[in-house]
1. Looking at region 104-114 only, could you name the residues that are modelled with pLDDT of 90 or more and not in a strand (DSSP E or B)?
2. Out of (1) closer than 20 Å to residue 252 by Cβ; (2) crowded, with 20+ Cβ neighbours inside 10 Å, what's the single condition that is false for residue 495?
3. Select from region 162-198 the residues that are of a type in the set (S, T, N, Q), surrounded by fewer than 16 Cβ atoms within 10 Å (Cβ to Cβ), touching a residue at least 60 places away in the same chain (Cβ under 8 Å) and more than 16 Å from residue 144 (Cβ to Cβ) and list them in ascending order.
4. Take region 356-374 and flag every residue that is surrounded by fewer than 16 Cβ atoms within 10 Å (Cβ to Cβ) and part of a helix (DSSP H, G or I).
5. Any residue at all in region 168-183 that is among the hydroxyl-bearing types (Ser, Thr, Tyr) and more than 29 Å from the chain's Cα centre (by Cα)?
6. Restricting to region 90-113, name every residue that is touching a residue at least 60 places away in the same chain (Cβ under 8 Å) and buried (at least 19 other Cβ atoms within 10 Å of the Cβ).
7. How about region 239-271: which of its residues are touching a strand residue (DSSP E or B) at 6+ places or on another chain (Cβ under 9 Å) and among the acidic types (Asp, Glu)?
8. I'd like the full set of residues that are surrounded by 23 or more Cβ atoms within 10 Å (Cβ to Cβ), free of Cβ contacts under 8 Å to residues at least 60 places away in the same chain and farther than 17 Å from residue 215 by Cβ, limited to region 225-244.
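The values are calculated or read from the model by the stated rules, or taken from the named source; none is laboratory data. All values reported here derive from a predicted model rather than from experimental measurement. FYI the Cβ positions are ideal-geometry reconstructions off the backbone, even for glycines, and counts take in every protein chain you see.
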Amino acid sequence: MSSPQSDTARRRDRSDRESQTRDSARTAAREERLAQQSWVEGAAPTLPVRTTRPEEVVFHLGPTNSGKTYESLQALGANGRGVYAAPLRQLAHEAYAKLSAALPAGMVGLSTGEEEIDPLAPIVCCTVEKAPMRGDLLVLDESHWVADPDRGHHWARLLLTGEYREMHLISAAEAYLLLKPLVSDAEHVTVVNHKRLSRLDVLRAPVRPETVRPQTLVVAFSRKNVYAVAAALNEHRPGRVGVLYGALPPATRREVIEQFTAGEFDVLVTTDVIGHGINVPATTVLFAETTKFDGERVRPLRSWETAQIAGRAGRYGLTGHGQVGVLTGVTGLRPDPALLATGAAVARGDAMSDLPKRAPRLRPELEDLGAFEAVDLPEALTRWMAWARAATRDEAMTADDVGTMVMRVQALLPLLRGPLGAAGDLDTVWRLVQLAIDYDPPRRTRWLTLARAALEHAVGLPVLPETVLPDVPRDGSVEDFEQAAAAARDAQTLLRRFPGVAGLTSDDAAWVEEECAESISVLLPGAISTVRTATCTVCGTAVSPRFTTCRPCSAPAGRGGNDADRRPTAGGRRTAGRATGRAPGGRQGGPRGRSRRG
């Protein structure tokens, strides 16, 4: 039996050891904080700069349809060497077509994420992500995208570090204060203010589906609503109504635009994808709704968004004067005429827009991080974020949130602890993290599947082709082919950076996307004609295509009405405010019996 004195001594020793452990932990934490502070304050990277400043920067400022892009392309063609960069593939295609028609063969090339045509030509039309960092003359279209939360860092990096003798920056006047600090080192700056070249009138009375005229764009802001509006219009112009929205493959979008331009469609129902500088011969733009889901909530359109779309009416050189108005008569959609009138004033240049007061974006390159191994990246990115927030506090820019990049690295690190670790060097992991593949649920698993396939291929493990590239559906709806085309675009993105995975090339993936696009073109007319007015699944009342139940039936018990009529959906969740069910598009024709080659 131990004595009380020995028990006391043991307790004292244990307490001393615990105290020493706590002190050691505090010391380690303090040293880590000091090390991070030292990194942030002393060993931090510097803001990106160029070594050769531009001789001339020309700002082309003004509303839509004011000749800004036309004059810039004229300058590029006359110069004979340079780059046209835009946010959308469609805009790069338009510039490529215009310059190719005006210049000798071989003078103009095209470079986008999906295709390349003579990319070493003296003049290259490209998306901003593909723009070279040096050249003779740069035309940067839609320059206000420099503040875009997702892609703005590409514009900022190009403007801050691009070494061009001359730059032409195309933008709304409101973005001038965003852009000017990024080119403050220019030897000479010229500001050219443009005025709209055609009149833009606001229709006094709403337009109903039966009175819509040819050469009209009708705008809605979700896939379901686009189809619902198209179906309402198709009743009065059978087979003469087209649809255009972001989920369509690029080839299908180009075909639809060409059909409208050629007069094969009288009316084109479109989302705001039409507002990003795409030029079509439309005399009228009608808004079927003036609210949109922005990724977080359904909100009214801002005046600059309305102006971008309304400005598509009455394109100079394509049609006469333009007019804008609202479309009524589609169940559940109630556009706001006052909001439209405000946007039209901005489109004419008569009023300033409410372009969000965001700052240009800054995002790190690998060499900015000071990482030596892939396992260093989460901490290095976190430290970069701490530095960047402090470094840009007094600058005309803001640091991107790199949280998604950290999440991607952390998703990859467990894979590298096994046999795949042999392929997980710093450069490879960084390239995988940078793949332009959506990381929002439910697409997150798609990126991780493709990243794993690239690592397995690198270490010699077999990868099934269908893991990377799904086959063309043998049957299905428009939505089925859209999803297959999207998966094929993801595969192209991977295979351009990591060729040979699963024995495939980016051309194989491009072929699948093309086949899906052809099938969608066949199916679209039937998809439009089979849409019916949306009705409440409980009581049968007509509702907006966005919803499956009306407001009374989706209200919780205790707020009036008959509780027996308020039937919960599976799992007891209300369905109000949530789009559910399949989008329209039943199988009418289908592909031509082809399957993916190889």
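1. Pass one, region 104-114, residues modelled with pLDDT of 90 or more: 104-111.
104, 105, 106, 107 - these are the residues of region 104-114 that are modelled with pLDDT of 90 or more and not in a strand (DSSP E or B).
2. Condition not satisfied by residue 495: (1).
3. Of all residues in region 162-198, those of a type in the set (S, T, N, Q) come to 171, 184, 190, 193, 198.
When the remaining residues are screened for being surrounded by fewer than 16 Cβ atoms within 10 Å (Cβ to Cβ), the result is 184, 190, 193.
Filter once more, keeping what is touching a residue at least 60 places away in the same chain (Cβ under 8 Å): 190, 193.
Passing the criteria: only 190.
4. 367
5. To start, the set of residues in region 168-183 that are among the hydroxyl-bearing types (Ser, Thr, Tyr) comprises 171, 176.
Now narrow it down to the ones that are more than 29 Å from the chain's Cα centre (by Cα): none.
Taking every residue of region 168-183 in turn, none turns out to be among the hydroxyl-bearing types (Ser, Thr, Tyr) and more than 29 Å from the chain's Cα centre (by Cα).
6. The initial filter retains those residues of region 90-113 that are touching a residue at least 60 places away in the same chain (Cβ under 8 Å), namely 90-91, 93-94, 113.
The answer is 90, 91, 93, 94.
7. 264, 266
8. 226, the sole residue that qualifies.
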